[in-house]
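Report on the structure given below.
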Amino acid sequence: MKILVVGNGGREHALAWKLLQSQRIQQVICIPGNGATATAARCQNVSLRIDDFEGIARFALVHGISLVVVGPELPLALGIKDYLQRHNLRVFGPTQAGAQIEASKSWAKSLMQSAGIPTPNFAVFQEVEKATAYVKDRGAPIVVKADGLAAGKGVMVAQTVAEAVEAVESLFQDGFDTVVIEECVTGQEVSVLALTDGLSIRPLLPAQDHKRIGEGDTGPNTGGMGAYAPTSLVTPALMARIEQEILQPTVEALRQQGIDYRGVLYAGLMISPQGDPTVLEFNCRFGDPETQAILPLLETPLEDLLLACTQQRLAELPPITWKPGAAACVVAAAQGYPGSYQKGQAIAGIEQAEAMGTTVFCAGVQLKQQQLVTDGGRVLAVAATGDTLESAIALAYRGMNCIEFEGMYYRKDIGHGAKTPSSMSG
């Protein structure tokens, strides 16, 4: 098989890496890929844009691609699945209608409300004056969200009314025409990524990521600074509840709207102190960096799962098998991220990190004259597995200590919530 992976981040590097472990896969093509996928064995980059659907379709048809796996949310929201399917290409990922579950928070909240899926109370606004009046009436803490895609950064948990008003005003100034304001719920955040073929679901290992830039979960939100899996917070009994009360009803609600959703249904959940799950948001794709922590533990061939989703035969597969133990990944970012940052810094130490038994998944990385250099905010993630979560985290940090680039920043406390459960608002 030849598989095409759309995207250029750490998640796409992890997907390509996992797929290439299979002897059934002749080649993985990444569009556009990054500096690491450019040099991987049996892997090739093709420099097309992720929204060049015509170019992607032409390449896939000419080169006999068996499956297209879409990594990022943007091409899904723009309708890449719909376009490629019209050319008889097999695509893992939801249609444009299904991708609304991430592309429009107000649409997703209305879907949950109508299906009785637990989610915080909310209100939707198209006018800054009405939104700020609502905030002043409700008080803080309160959550302000951009309605559209914001690369994981469009959420503000405002601790004061002034912060909330500022968040509302800045979102409208940034060009968002709709904001969602919702009640602030407390507990621990968990990511549950489930595979679905539009009928049945198969949850992957529950993970916890660290969205904020600063240690102790402080500072602005990012695309994610590290993750670990599984989290002991999600017991088998709680996972059964999440399936029955959230995941399956969501797939059924989508189907009732005429949406045949095949791909990843990623539930960002808050687990209350009483152990009840509530949906903060849905995403329509693999999480980043959760994927970099989940896939190293996956034993079932990834292509079997992805193909079964596209062929609507997920229920026929045996249970997903996992390696014992745990995995963790730590993200190294460019200085200044999530604000402005420099590019082009030489990266050293990846081979040494991997010689210690870690896997380095590159994200914002470019290959220039056979040298990997930084090319994004989140540059790379060092992932490790271990018999225990503590040993996996320790190995990931030992690997990270090998890596160097000018201005490199990473959090030193990934996994802190697992050892000393703390209250996190979201």
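Read the figures in this text as sums done on the coordinates, not as results from a lab. Since we're looking at a predicted model, the values are computed, not measured. Methodologically, a virtual Cβ is constructed for each residue, glycine included, from the backbone with ideal geometry; neighbour enumeration extends over all protein chains shown.
Structure values in brief
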read-out: R398-S232 FRET efficiency (beta carbon distance; Förster radius 25 Å; 0.05 resolution); value: 0.60
read-out: Charge dipole magnitude, Cβ of K and R +1, D and E -1 - the chain, Cα centre, debye nearest 20; value: 900
read-out: Span from the the range 1-59 Cα centroid across to the the range 139-187 one, whole angstrom; value: 35
read-out: Charge-dipole axis of the chain as Lys and Arg at +1 and Asp and Glu at -1 on Cβ define it, positive-most pick from L19, Y228, L372; value: L19
read-out: The range 322-352 and the range 363-418: distance between their alpha carbon centers, rounded to Å; value: 4
read-out: Gain on full stretching of the segment that runs from Q311 to L61 - 0.36 nm per residue minus C-alpha separation; value: 88.1 nm
read-out: Charge dipole (the chain, unit charges on Cβ, about Cα centre) - positive-most of V157, Y134, S110; value: S110
read-out: Percent of Cα pairs exceeding the 20 Å cut-off, where the set is the range 291-426; value: 55
read-out: The range 121-183 - Rg (one decimal) and Dmax (whole number), Cα, Å; value: 10.1, 29
read-out: Sites Q21 and M356 - FRET efficiency at Förster radius 22 Å, r taken between beta-carbons, to 0.05; value: 0.65
read-out: Estimated FRET transfer efficiency (M1, R49; beta-carbon r; R0 35 Å; 0.05); value: 0.90
read-out: Neighbour cut-off at most 15 other Cβ (10 Å), DSSP loop, trypsin sites (Lys or Arg not before Pro), the range 251-330; value: R313
read-out: Charge dipole magnitude, Cβ of K and R +1, D and E -1 - the range 2-93, Cα centre, debye nearest 20; value: 360
read-out: Per-peptide average of other Cβ atoms within 10 Å, ordering 273-280, 67-74, 316-323 highest first; value: 67-74, 273-280, 316-323
